[in-house]
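The values are calculated or read from the model by the stated rules, or taken from the named source; none is laboratory data. Quick caveat, the model's predicted, so the values are computed rather than measured. Cβ placement follows ideal geometry from the backbone for every residue including glycine, while neighbour counts extend to all protein chains displayed. For accessibility, only protein heavy atoms count, side chains too; no ligands or nucleic acids. Shrake-Rupley method; radii C 1.70, N 1.55, O 1.52, S 1.80 Å.
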Amino acid sequence: MSGTLPTSPAFQSVTIKSNNPNIVTISTSGRRQVKTQQSQFWSFTASYPPLTRSQWAPIAAFVVKQRGSFESFTMILPDYSTTNGAFTSQAVTTVNSEALGATAIELSAGSTTQTGALKAGDFVKFVGHNKVYMIVDDVNFSGGSATMNIEPGLTVAVSSGVAIDYTDVEFTVFLSNDVQEFNTGLASIATYELDMREAL
């Protein structure tokens, strides 16, 4: 692990991709057979606005320190790493031990009752785990209990009492390319685009 990507300067735009490798076979009759690889991962293309030399330098230094795709690092997506729901700082934990592949996770949040506590499309992470998941249905708490439906299914089993991160969720990623190119123009203005893939 080699640090956290600087949050300033901020990205100008980010393309978020959900990758689900599958094996697809189509027979001569047109019948399709699909086998999932159960290996979903996130990838990102992040573009920076035009940067002055002083703005560009810490980004360039951090990227060079990664030695291409050799190192992994953490990255927070502006806006999208934090829930769009009503929860802001409430403690949320798992109720049961959840097995590998589980997609419906029972949660506890004290005695809270809250509709839309967490929202479909939010990213979440189990504390102590690298993988980031997406909530696929709104999470509504009643008397402190709720079910959180996620995709993909758990890549690692989760114990009971594990806390859920839903604010400033960190993605563990690595650079997709071993060659990094920085474009410079007049007045020492640089442009840069960063391709990253989730490290599992």
Filter pass, Phe62 being exposed (fewer than 13 other Cβ atoms within 10 Å of the Cβ) and among the aromatic types (Phe, Trp, Tyr): no
Filter result (among the hydrophobic types (A, V, I, L, M, F, W, C) and either assigned to a loop (DSSP other than H, G, I, E, B) or over 19 Å from Ala109 (Cβ atoms) (or both)) within region 122-169: Val127, Val132, Met134, Val136, Leu154, Val156, Ala157, Val162, Val169
Residue selected from region 1-15 under the condition among the β-branched types (Val, Ile, Thr) and in contact with a strand residue (DSSP E or B) (Cβ under 6 Å, 6 or more places away or on another chain), by the criterion surrounded by the most Cβ atoms within 10 Å (Cβ to Cβ): Val14
Test for Ala46: is it closer than 17 Å to Asp168 by Cβ, among the aliphatic types (A, V, I, L, M), touching a strand residue (DSSP E or B) at 6+ places or on another chain (Cβ under 9 Å) and open to solvent by 50 Å² or more (accessible area, probe 1.4 Å): no
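Assess whether Val179 counts as being at pLDDT below 95, open to solvent by 50 Å² or more (accessible area, probe 1.4 Å) and of a type in the set (Val, Ile, Thr).
yes
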Condition met for Val92 (open to solvent by 60 Å² or more (accessible area, probe 1.4 Å) and of a type outside the set (D, E, K, R)): no
Residue among Leu154, Leu186 that alone is hydrophobic (A, V, I, L, M, F, W, C), in contact (Cβ under 8 Å) with a residue 40 or more places away in the chain and either open to solvent by 60 Å² or more (accessible area, probe 1.4 Å) or over 30 Å from Gln12 (Cβ atoms) (or both): Leu154
Enumerated strands (runs of 3 or more DSSP E) restricted to region 1-103, each holding at least 1 residues that are free of Cβ contacts under 8 Å to residues at least 24 places away in the same chain, farther than 20 Å from Lys131 by Cα and of a type in the set (Lys, Arg): 32-36
Filter pass, Gly116 being on the phi > 0 side of the Ramachandran plot and in contact with a Gly (Cβ under 6 Å, 6 or more places away or on another chain): yes
Residue within region 164-171 that is open to solvent by 60 Å² or more (accessible area, probe 1.4 Å), out of contact with any Gly (no Cβ under 9 Å at 6 or more places or on another chain) and without any contact (Cβ under 8 Å) to a residue 12 or more places away in the chain present: no
Qualifying residue in region 123-130 (condition: modelled with pLDDT of 95 or more, within 15 Å of the chain's Cα centre (by Cα), on the phi < 0 side of the Ramachandran plot and charged (D, E, K, R)): yes
